[in-house]
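First comes the structure, then the notes that go with it.
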Amino acid sequence: MLAVLFDLDGTLMDHDAARDAAIAELLLGDAAHAEEWRRLEAIHYDEYAAGRCSFQEQRRRRVRGIHAAMAAEQPDDAACDAWFAAYLQRYRAGWAAFDDVLPALTALADAIPDIRLGIVTNGEGEPQRAKLAAIGLTDRFPVFVASADVGMRKPEAEIFLHACEQLDVAPSAAAHVGDRLDLDAQGATGAGLRGVWLDRAGTGAAPDGIARISGLHELAAALAG
């Protein structure tokens with residue numbers, strides 16, 4: 001193995017913790033509506049990732065959805081943007097890496113001294129790079145591929161192949177690690193890389209041909225096997 005690509009949200013950065021803390025503060029601890037916010041995020045961000053709406057529109061849909069759930073007056077675009085900005089300020093305050101990230105990167109470097117590392121993330125380049133900088137990992141990843149920058153998105157094979165080209169490695173000599181079985185592990189496997197599913201929640205067994213790990217502390221051993 002010459003190179004390892006990583007997803008960002010839910011893999012290196014604890015997106016769920018930052019999101020949950022932000023929405024809890026904004027909704028004053030309303031647990032039911034916080035759960036609805038998580039559901040809306042899953043629906044509308046995937047719509048954006050699939051190219052069915054713009055980045056800004058998926059934000060506005062989430063805001064309108066939470067207002068509908070609270071039986072509140074529907075906001076116009078400007079009000080949606082202001083509401084999301086208030087959420088985003090709180091969300092950014094919670095950006096942090098998972099505890100297992102730095103030990104895993106150290107273990108990889110020890111196991112494969114010349115390992116090449118990169119990021120493949122669905123999203124807009126600027127905010128995704130800001131996340132990586134906020135959690136102190138920019139210098140660790142010389143290659144950073146964001147879907148909006150390159151006009152490709154996971155699980156399309158092309159985005160993984162593009163990242164391999166940037167790292168100057170063949171797909172067969174690379175692995176990709178991410179918390180989404182469909183977008184990350186299966187997408188990478190379809191592109192000829194080794195797909196590794198980071199199943200932090202312990203939701204189930206991986207399909208044939210997919211390596212499953214419960215935390216990044218298992219990554220080096222999984223790639224060596």
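Relative contact order for the stretch 127-225: what percent, with Cα pairs under 8 Å and sequence separation of 6 or more?
17 percent
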* To do: Go through 53-62, 159-168, 71-80 and give me the packing order, highest mean Cβ count within 10 Å leading.
  => 159-168, 53-62, 71-80
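Fewest first, what order do 126, 41, 47 take by the number of other Cβ atoms within 10 Å?
126, 47, 41
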* Computed lengthening from residue 74 to residue 109, 0.36 nm per intervening residue step minus Cα-Cα distance -> 7.5 nm
* Asked: Using Cα pairs under 8 angstrom and six or more residues apart, how large is the relative contact order of the chain, in percent?
  -> 24 percent
* Structure fact -> Relative contact order as a percentage, the stretch 24-92, C-alpha pairs under 8 Å and 6+ apart, gives 29 percent
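Every number here is computed from the coordinates shown, using simple stated rules; none is lab data. A quick note: this is a predicted structure, and the numbers were derived from the prediction, not measured. Note: ideal-geometry Cβ built from the backbone for every residue, glycine included; neighbour counts use all protein chains shown.
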